[in-house]
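Report on the structure given below.
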Amino acid sequence: QFNLNKEIDKLIKDFKSNDWVVVLKAKKNLENLESKALHELIDLLEDESVNKLENTGDLIYPGADKFFGHGQIINYDIDKISIRAGWLIEEMTFQNFGYSGIHIQENRIIDYIKFNFPEYYNNSSNRENLENSSTIEKRTLIRKLSYDNVIDWWKKESKNWSRLDALLDALNSTDEKRQVKALFYLRNGTSKCTGLNKNVY
């Protein structure tokens, strides 16, 4: 257990790096740990620090300085450590907690909240606050609601969660983002998913 904790601490430190190559390697190794690293990643959702990425090549993401017209697209502002953690948690669990909507175009924010956080939006007083909120306040709200989603989910799932069950659940869900994450993993994923073999596939 001591060695595992040390390994997780090292991977979390690398995952917070400003070197994209180091971050990607840490991401895969954290995914390989499946449920063993989730608690630490959830703690990272409260990390307010920003670490501007370097060596990103042709990566396209909200914080990118240059666009090459091609490359991997990540719809999360992964310069911000809390959002980087949200991105990895959603990738690992095939969930859609809401983190990808924090940096959506300004004219789509209210619709995003309406469809992704209906419980919040359907409260008339919340809706009124939303109409009077600035863009920054709306983005902050999405981040808070996404965080609350993770915490509520982990309270229910922490004892029995497995990545294979999460994959099957995503494939069977009606959430398009979850289905896409699961299908993309089945096609291109190289990180561990215990129990996923040819028969299950």
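The values are calculated or read from the model by the stated rules, or taken from the named source; none is laboratory data. Treat the numbers as computed from the prediction; the structure is a model and nothing was measured. All Cβ positions, glycine included, derive from the backbone under ideal geometry; neighbour counts span all protein chains shown. Side chains are part of the model used for accessible areas, which takes the heavy atoms of the whole protein and leaves out ligands, DNA and RNA. Shrake-Rupley method; radii C 1.70, N 1.55, O 1.52, S 1.80 Å.
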What shape does segment 1-44 take by its C-alpha gyration tensor, where a ≥ b ≥ c are the square roots of the eigenvalues and a/c under 1.5 counts as rounded, a/b above b/c as prolate, and the rest as oblate? prolate
Which of these, GLY101, GLY86, GLY57, has the largest mean-square fluctuation under a Gaussian network model of the chain (Cα springs below 10 Å)? GLY57
So, R0 is 41 Å and r is the distance between the beta-carbons of LYS28 and LYS114; what FRET efficiency does that work out to, to 0.05? 0.75
Under 5 Å between amide hydrogens, which residues at least 5 positions from ILE60 or on another chain qualify, with H placed 1.01 Å from N in the peptide plane? GLN72, ILE73, ILE74
Give the separation of the Cα centroids, segment 68-126 to segment 152-201, in Å. 19
Using only Cα positions of segment 101-171, each an equal point scatterer, no hydration layer, compute I(q)/I(0) via Debye at q = 0.12, 0.17, 0.20, 0.26 Å⁻¹ and quote the log10 values to two decimals. -0.41, -0.71, -0.86, -1.14
Taking all protein chains in place and a 1.4 Å probe, what share, in percent, of the accessible surface of segment 1-75 do carbon and sulfur account for? 50
Over segment 15-150, average the accessible area per residue using a 1.4 Å probe and give it in Å², no decimals. 50
Global form of segment 63-148, assessed from the alpha-carbon gyration tensor, a/c cut-off 1.5: prolate
When the chain is treated as a Gaussian network with springs between alpha carbons less than 10 Å apart, the largest mean-square fluctuation among ARG84, ARG187, ARG139 is found at ARG187
Most fluctuating residue of ASP165, ASP79, ASP58 in a GNM of the chain with Cα springs under 10 Å: which is it? ASP58
Check the straight Cα-Cα distances from LYS52 and name the lysines below 24 Å, setting aside those fewer than 8 residues away within the same chain. LYS10, LYS13, LYS16, LYS25, LYS27, LYS28, LYS66, LYS80, LYS138, LYS144
Could you run the Karplus curve 6.51 cos²θ - 1.76 cosθ + 1.60 with θ = phi - 60° over segment 23-33 and give me ³J(HN,Hα) per residue in whole Hz, x for Gly and Pro? 4, 4, 5, 5, 4, 5, 5, 5, 4, 4, 7
Candidate values (1) 38; (2) 32; (3) 28, label of the one derived for percent of Cα pairs over 28 Å apart: (3)
Table column - 3J(HN,Hα) (Hz), segment 173-187, Karplus curve with 6.51, -1.76, 1.60, x for Gly and Pro: 7, 9, 8, 4, 4, 5, 4, 4, 4, 5, 5, 5, 5, 4, 7
Provide the FRET efficiency to the nearest 0.05 for the SER173-LYS13 pair, computing r from the beta carbons and using R0 = 35 Å. 0.55
Hey, can you grab everything whose amide H is under 5 Å from the amide H of ASP19? Only 5+ residues off in sequence or another chain; H modelled, so Pro and N-termini drop out. GLU54
Spin-label proximity, TYR201 to segment 11-34 - amide N less than 19 Å from point 7 Å beyond Cα toward beta carbon: 32
